[in-house]
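J.: Take a look at the following structure, please.
The values are calculated or read from the model by the stated rules, or taken from the named source; none is laboratory data. Computed from a predicted model, the values in this text were never measured in an experiment. For neighbour counting, all protein chains shown are included, and Cβ atoms are generated from backbone atoms with ideal geometry for every residue, glycine included. Areas reflect the complete protein model, heavy atoms only, side chains present, ligands, DNA and RNA absent. Shrake-Rupley method; radii C 1.70, N 1.55, O 1.52, S 1.80 Å.
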Amino acid sequence: MNLTLILTIAPPLLIVYYIIKADKFPEPTGLCIKTFLLGCLLCIPAAALNNYFIPNMNYAYLAGFIEETLKFSAIYFYIRKKTDFNEPMDAIVYGTLISLGFATLENFEYVYGAGSPNAIATVRAFTAIPLHACCGIVMGYYFGLYIFKDRNKLNLIKSLFFAISFHALYNYYATRNALLMLFVLIVLISFARRLHKILKKEQLAS
């Protein structure tokens, strides 16, 4: 296995491993793999929609709307109906799996289509990959609240709104101001970590 391939797939898989292992009540391996692969498959419609609606990089923020809506649809129409989807942390686990499945396949497109693949893979390991992972965590957190704690549709709206907003802001500044892009990413990572810790504490107390 060469260095470029390792740099491409290792970062998302390491985050996947952490999220799965942090779950006190582990999810079935088969469903985790299927969910990850579903995230990969979402790259196909996302690519088609991005090519249609995004004429140039000035409109890259629209990818946040397209990609996060597709991920949300996968959680809502596929994961929500599974019998193993039975507690709030599950929403974070599956939301992150979908997001990182998507990010992994997307990584191949960016890394192997670049003139300096190792450099691109390294940069994305600390930017785009955490972005997708944290959007999945935030989306999953509020989706879990809606399904298991409070059927208030505001939680369902938050699940999609926060993921779209962070992703769109990240993409907007990625083509305009690298410092502001990093600021958005840092805020998102802090927010996602806090939400994940809330559910971890609840699991430990259960």
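J.: So how much accessible area does His132 have, in Å² to the nearest 10, using a 1.4 Å probe?
T.: Roll a 1.4 Å probe over it and His132 shows about 0 Å².
J.: Considering only the other residues whose Cβ falls under 14 Å of the Cβ of Asn171, what net charge follows from Lys and Arg at +1 and Asp and Glu at -1?
T.: After counting each charged neighbour, the total is -1.
J.: Is there a quick way to get the dipole size of the chain? I mean about its Cα centre, with the Cβ of Lys and Arg at +1 and of Asp and Glu at -1; what is the value in debye to the nearest 20? Working shown, then result.
T.: Numbers: 18 positive and 11 negative charges, 104 e Å.
Here the chain has a charge dipole of around 500 debye.
J.: Evaluate the distance, in nm, between pseudo-label points positioned 7 Å from the Cα of Leu204 and of Leu13 along their respective Cα→Cβ axes.
T.: 3.0 nm
J.: Where the centroid of each part is defined by its Cα atoms, how far is the stretch 86-154 from the stretch 158-206 in Å?
T.: If we compute the Cα centre of each part, the gap is 10 Å.
J.: Shifting gears a bit: For the chain, calculate the relative contact order in percent as a whole number, restricting contacts to Cα pairs under 8 Å that are 6 or more residues apart.
T.: In percent, rounded to a whole number, it is 28.
J.: Next question. Between Lys24 and Tyr76, with labels modelled 7 Å along Cα→Cβ, what's the label distance in nm to one decimal, could you check?
T.: Calculated label separation equals 3.0 nm.
J.: Right, something else. Taking only DSSP H segments of four or more residues, each worth -39500 (n - 2.57), what value at 222 nm results for the chain once the sum is divided by all its residues, to the nearest 500 deg cm²/dmol? Don't skip to the answer; put the middle values down first.
T.: Working: 9 runs with 164 residues, N = 206.
When only DSSP H runs of four or more count, the value is -27000 deg cm²/dmol.
J.: With just the Cα atoms defining each centre, how far is the stretch 54-77 from the stretch 18-50? Give it in Å.
T.: Going from one Cα centre to the other spans 17 Å.
J.: Still on this structure: Excluding ligands, DNA and RNA, what is the solvent-accessible area per residue of the stretch 162-204 at a probe of 1.4 Å, expressed in Å²?
T.: 57 Å²
J.: Could you work out the mean projected area of the convex hull around the alpha carbons of the stretch 1-120, in square nanometres to one decimal?
T.: It is 8.3 nm².
J.: Cβ under 12 Å from Asn50's Cβ, Asn50 left aside: what net charge do those residues give with Lys, Arg +1 and Asp, Glu -1?
T.: Once positives and negatives cancel, what remains is -3.
J.: Take the alpha carbon gyration tensor of the stretch 32-83, find the square roots of its eigenvalues, order them as a ≥ b ≥ c, and report rounded if a/c is under 1.5; if not, report prolate when a/b exceeds b/c, else oblate.
T.: On the way: a/c = 3.41, a/b = 2.36, b/c = 1.45.
Cα axes put the stretch 32-83 in the prolate bin.
J.: A further question follows. Which three extents, in angstrom, do the Cα atoms of the chain have along their principal axes, listed largest first?
T.: 50, 39, 30
J.: If you filter the stretch 72-153 for trypsin sites (Lys or Arg not before Pro), then keep DSSP loop positions with at most 12 other Cβ within 10 Å, what is left?
T.: Filter output for the stretch 72-153: Lys149, Arg151.
J.: Full extension from Phe191 to Asn118: what is 0.36 nm times the residue separation minus their Cα-Cα distance, to one decimal in nm?
T.: 23.4 nm
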